[in-house]
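Comments concern the structure below.
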Amino acid sequence: MKKIIIITFITFLMIFCKDKTMNITKKGLFAIIETDKGNLIIELFPEVAPKTVENFVKLSKQGFYNGIVFHRVIPNFMAQTGDPTGTGSGGPGYQFEDEINANALGLDKIKIGESPYYERYMMMLAVRRLNINSQDEFNQRRFAVERELRKIQQMTIKEVLEEIGYRYNNNLPSIPGRRGAVGMANAGPNTNGSQFFINQVDTPHLNGLHTFFAQLQEESFPVLDKIIEAGDGNSKIIKITIIENK
């Protein structure tokens, strides 16, 4: 009887360990995000966003993410988590700067007027330049706004975002917001904390605005789909395990 128990336990341990490290065969830094819908395996890129990855690894090892829900999920977009309050406004009690290279993303080459994704930022800049402080003032000065927008349309995406307040690091090999990319959620420039999201689809409209620091592995997409299908607040992280394959 004892022999059977020992064999059963060893078999269970082997299955458990295999599941924990499944399909992680290449060298690199990985995180297994255990959720109640299954495991999300992501590859972390410290060379792309060193401070961001360091912060994510630190919080994961501290157990910060344990029990936190996916508070915001949008089909055909992404799933967001990392807020201990579950409201979308919580964090670790500190903020840190973005790690984005706009040049690596090609934002220094594209005129913002030729992109379908950044209209709101053109408007933000026009309103800021004209020092408009109310809707009534905006309505009264709509022709001035239109003139300013025509000027802004000739600027690059990078130039507009920099004038709004974003700061870029040309030494980083930034990655775009493609399908499966893991990015930091924020409330504007340099407001990163603990919240992050995982793309279900490509998100070119987020390039230059969010630090992308990891990539979901292909075999984990069915789990992401389940989390998004479940809706806001109906999936949670059990714990995150960091694995470094050398």
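Which of rounded, prolate or oblate describes the range 134-204 when judged by the alpha-carbon gyration tensor and an a/c cut-off of 1.5? List each step's numbers first, then the result.
Details: a/c = 2.28, a/b = 1.93, b/c = 1.18.
Prolate shape, in that a/c is at least 1.5 and a/b is the bigger ratio.
Return the sequence-ordered ³J(HN,Hα) values of the range 52-66 in whole Hz as given by the Karplus equation 6.51 cos²θ - 1.76 cosθ + 1.60 applied to θ = phi - 60°, using x for Gly and Pro.
5, 5, 4, 5, 5, 5, 4, 5, 5, 5, 7, x, 4, 7, 4
Report the charge-dipole magnitude of the range 112-155 in Debye, nearest 20, computed about the Cα centre from +1 at each Lys and Arg Cβ and -1 at each Asp and Glu Cβ.
Using Cβ point charges on Lys, Arg, Asp and Glu, the range 112-155 gives about 140 debye.
In the range 113-246, what is the volume of the convex hull around the alpha carbon atoms, normalised per residue and reported in Å³? Write out the running numbers ahead of the final one.
Values: hull volume 22.0 nm³, N = 134.
Considering the Cα atoms of the range 113-246, their hull volume per residue is 164 Å³.
With springs only between Cα atoms under 10 Å apart, run a GNM on the chain and tell me which of PHE45, PHE77, PHE143 wobbles the most.
Between PHE45, PHE77, PHE143, it is PHE143 that shows the largest mean-square fluctuation.
Work out the FRET efficiency for ASN103 and ALA187 from their Cβ-Cβ distance, taking R0 = 41 Å, and round it to the nearest 0.05.
About 0.95, to the nearest 0.05.
Could you work out the relative contact order of the range 112-155? I mean the mean sequence separation of Cα pairs under 8 Å and 6+ apart, divided by the number of residues, in percent.
Result for the range 112-155 is 56 percent.
Is the shape of the range 31-104 best called rounded, prolate or oblate, per the rule: a/c under 1.5 gives rounded, else a/b larger than b/c gives prolate, else oblate, with a ≥ b ≥ c the square roots of the Cα gyration tensor eigenvalues?
The shape class here is rounded.
May I ask you to evaluate 6.51 cos²θ - 1.76 cosθ + 1.60, the Karplus curve with θ = phi - 60°, for each residue of the range 112-122 and list the ³J(HN,Hα) values in order in whole Hz, giving x for glycine and proline?
Residue by residue, the range 112-122 yields 5, x, 9, 9, x, 9, 10, 4, 4, 6, 4 Hz.
Using label points projected 7 Å from each Cα along Cα→Cβ, tell me how many nm separate ILE242 and ILE164, to one decimal.
The two pseudo-label positions are separated by 3.2 nm.
Quick one: Cα centre-to-centre distance for the range 147-213 and the range 38-90, in angstrom?
Centre-to-centre (Cα) distance: 18 Å.
Return the tail of the calculated pair distribution for the chain, meaning the percent of Cα-Cα pairs more than 26 Å apart. Walk me through the numbers before you get to the answer.
Working: 14098 of 30135 pairs.
Everything past 26 Å amounts to 47 percent.
By how many degrees, 0 to 90 and rounded to 10, does the Cα axis of helix 142-152 deviate from the longest principal axis of the chain?
Tilt of helix 142-152: around 60 degrees.
With the Cα gyration tensor of the range 177-218 giving a ≥ b ≥ c as the square roots of its eigenvalues, does the rule (a/c under 1.5 for rounded; else a/b larger than b/c for prolate; else oblate) give rounded, prolate or oblate?
oblate
For the pairs LYS26/LYS246; LYS51/LYS158; LYS27/LYS239; LYS26/LYS58; LYS51/LYS236, flag any whose C-alpha to C-alpha distance is greater than 20 Å.
Values: LYS26/LYS246 8 Å; LYS51/LYS158 22 Å; LYS27/LYS239 22 Å; LYS26/LYS58 22 Å; LYS51/LYS236 25 Å.
With Cα atoms farther than 20 Å apart: LYS51/LYS158; LYS27/LYS239; LYS26/LYS58; LYS51/LYS236.
Go ahead and estimate [θ] at 222 nm for the chain from helices alone: -39,500 (n - 2.57) per DSSP H run with n ≥ 4, summed, over the residue count, rounded to 500.
Estimated from H runs of four or more residues: -9500 deg cm²/dmol.
Using alpha carbons only, what's the Rg to Rh ratio of the range 21-146 with Rh from Kirkwood? Before the final figure, lay out the partial values.
Details: Rg = 20.4 Å, Rh = 18.8 Å.
Looking at the range 21-146, the ratio lands at 1.08.
Relative to 2.2 N^0.38 Å, what does the C-alpha radius of gyration of the range 112-155 come to as a ratio? Two decimals please.
My calculation over the Cα atoms of the range 112-155 gives 1.10.
Here, each number is a calculation from the coordinates, and none is a lab measurement. Please read all numbers here as calculations on a predicted model, not as lab measurements. With ideal geometry, Cβ positions are generated from the backbone for all residues, glycine too; neighbour counts draw on all protein chains shown.
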